[in-house]
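The values are calculated or read from the model by the stated rules, or taken from the named source; none is laboratory data. These numbers come from a predicted model, not from an experiment. We place every Cβ from the backbone using ideal geometry, glycine too, and count neighbours over all the protein chains shown.
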Amino acid sequence: MPPLSTDLTHYCRPCLRRLHLQQTRSFTTTPARRKHGPLPVFHPTPSPALDALLATFRANVFLPSHLILPQRDLLYKKSNHALLTSDEPATVRLGDEVLQLQPLDKRRDEPATRRSFATVVRLMGESGDWGNMAGFLEGLKVARRKLAPWQVEKMVRRANEGGRMGVVYEVLRRVERTGVGLWDVGVCREVMRGAVVKGVEGGWGGEGVDRGVRYAEDVWELMWDPRHVEGQEKVGMNPRGRPEIVGVLLLMHAVKVVRLGGGKDEGGMVEKYAEMMLKRWENSRGDMAVDTQDWSNANYKLLTWAPVWHGVKMARQVVGAGSPLGKRLGEKLSQDLEPLIQKSHAIVLAHAPEEGTRRGLKMYEDIVQASS
């Protein structure tokens, strides 16, 4: 039998299964690698536990996903493991890297996705080092490891708390590679909260408000990117049509005008987003009821609607409470937002346990500072 070529793409899969590693144990770049790109490269972090977990995913999850089926058979089939543990190691070239192939047991060697992702997010938050998140998500996507929206939402929340909105934006910008897009309402709410966090971090001063406005605008523009729109259509959601999403834009522009612009809406942005939000108001009806028996539900209502409530109040200062637009905003304020915020605030104060973080209450308190 002739020697096995180092370029496995010259062989059909049945032939590869027969040949395995006869006479050579070095593979050139595989078709899968050319399709998916190189393996993600992770830079060292302050957390040894995080480094170890990322290295395990890279070797045991991400590498196999870049191999063709006969190569994966070498990793996973016990009958082939002797070929990988002999004196002459088997290697595969992926781009500029030459990686040794090791026997793998799916149940023993491959970490569970959800539990491991939660650990990665926690360790990145504790260390403050989020630079590997985009690459980690890209590896998960190639390996077809899917994340639930609530997991993505929590990741965004933790990044926002650490002031790493730039990491969130980069993950979203590379949606076709990371698989994380702006098509879930909960995720979009959390991403938009990053703009409010920027304002809070800056003490609602000039630089913080400006950064918050730019971030909100960047995210809003990204939501109209065809890659994100297609994802929204696929899951049957349209966060662009939600008033609470536009309400964050209204808040940030209204704060900028009131605090930094002398009350003059020179570019007409407050009026623009006020009108846009009102057109979407009917889409909020099912989300404005508060469960009086569930303080966590009331807390989430505060988290979601406090920015809108305060944005409407400040927008009325800009456009004039007696103007046609001001009157329409006043109706939403008195009929919907004020009752919702007051009721939710009272429930949280009365029933939330003393221990733990009450994010909605903190959002309410932070938002009030925007006009002080």
> Do we have Asp96 as at pLDDT below 80, over 20 Å from Asp51 (Cα atoms) and not hydroxyl-bearing (Ser, Thr, Tyr) here?
Replying inline: no
> Name the pairs: first residue in the stretch 324-342 and under 22 Å from Glu365 (Cβ atoms), second residue surrounded by 13 or more Cβ atoms within 10 Å (Cβ to Cβ) and β-branched (Val, Ile, Thr), Cβ to Cβ under 8 Å, at least 6 apart or on different chains?
Replying inline: Leu333/Val312; Leu337/Val308; Leu337/Val312; Leu340/Val290
>> Of all residues being without any contact (Cβ under 8 Å) to a residue 60 or more places away in the chain and buried (at least 17 other Cβ atoms within 10 Å of the Cβ) in the stretch 102-131, which is farthest from Glu153 (Cα to Cα)? Just the residue, please.
In response: Leu104
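To keep it simple, each residue is scored yes or no on (1) closer than 23 Å to Ala321 by Cα; (2) surrounded by fewer than 22 Cβ atoms within 10 Å (Cβ to Cβ); (3) assigned by TED's automatic domain parsing to the domain that holds Ser372.
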residue: Leu172; (1), (2), (3): no, no, no
residue: Val200; (1), (2), (3): no, yes, no
residue: Glu217; (1), (2), (3): no, yes, no
residue: Glu230; (1), (2), (3): no, yes, no
residue: Met269; (1), (2), (3): yes, yes, no
>> Quick check on my filter: what residues within the stretch 167-209 are closer than 19 Å to Ile245 by Cα and either outside any helix (DSSP H, G or I) or without any contact (Cβ under 8 Å) to a residue 24 or more places away in the chain (or both)?
In response: Val180, Gly181, Leu182, Trp183, Asp184
